[in-house]
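These notes concern the structure reproduced below.
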Amino acid sequence: MTNQALIDALRDAEAVQYGEFELSHGGTSDYYVDKYLFETDTHCLKLIAVAFAAEINEPKLAGVALGAVPLVAVTAVETGRPYVIARKRAKEYGTGNRIEGRLDEGEEVVVLEDIATTGTSAVEAAEALREAGAVVNRVLVVVDREEGAAETLAEHELELDALVTASELLADQ
C-alpha cells in the first residue's frame, strides 16, 4: 500500500537528497533520506503519527534513541499509548538505564524506527527490550531502504513493516 501523501511530504521537506553519501553502516548510496529534515517538519510528523497509529495493535510503543524519539512521542500522543525509549547502550551516568520509561514484564511492544537499512539498530533495540522483559515481535519504520533489514530482522524473529519503501519514495524521481 503506497502512502502517497507521506511520500509527497517527504519530498516536499527535501528529505530525499541525491549525490554520494556514506551511510551509518559504512556503505555508500547515491541517495540519502535525511531523517532530521522530516522529523523537524510538523506536517511530516503529523502524517507519520497518523500512519503509524493506523498500523499499531500493540499496547506499548518503543522508540530507538535518538532518531525515533520524535516519532514515538508524536505517535504516543496520536494513539494515547504509552512509550519507552531504547538506547543503544546503557547511560554511564544517572540511573544507567538502557530502557527509559516504565516497562513491565511481559508487555507487548512495537519498536518504531525512522529508517531501516541493515536493521541492526532495530535488532539491538528489540533485544534490549526483550532483556528488560518485553515481548517484541515487530518493528515499524517510516522508510525501508530495502537493503536487507527485513531479512536481518527475520533472523531475530522480528517482522518489519514500513510506511514507505525506497522503491516507492524514489519512483518517478
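Each reported figure results from applying straightforward, stated rules to the coordinates on display, with no laboratory input. Nothing here was measured: the structure is a model prediction, and the numbers come from that model. Cβ atoms come from the backbone with ideal geometry, glycine included; neighbour counts cover every protein chain shown.
Calculate the radius of gyration of the Cα atoms of the chain to one decimal place, then report Dmax, the largest Cα-Cα distance, as a whole number, both in Å.
15.4, 49
Per DSSP H run of n ≥ 4, the term is -39500 (n - 2.57); total these for the chain, divide by its residue number, and report the mean residue ellipticity at 222 nm rounded to 500 deg cm²/dmol.
When only DSSP H runs of four or more count, the value is -10500 deg cm²/dmol.
Taking the Cα centre of segment 95-173 as the origin, how large is its charge dipole in debye, to the nearest 20, when only Lys and Arg (+1) and Asp and Glu (-1) carry charge on their Cβ atoms?
For segment 95-173, the charge dipole is close to 220 debye.
Taking only C-alpha pairs under 8 Å that are 6+ residues apart, what is the relative contact order of the chain in percent?
Answer for the chain is 18 percent.
Which number gives the lysine pairs in the chain that have C-alpha atoms under 22 Å apart and are eight or more places apart or on different chains?
Counting lysine pairs in the chain gives 4.
Using alpha carbon centroids, what distance separates segment 1-49 and segment 51-67, in Å?
If you average the Cα positions of each part, the centres end up 18 Å apart.
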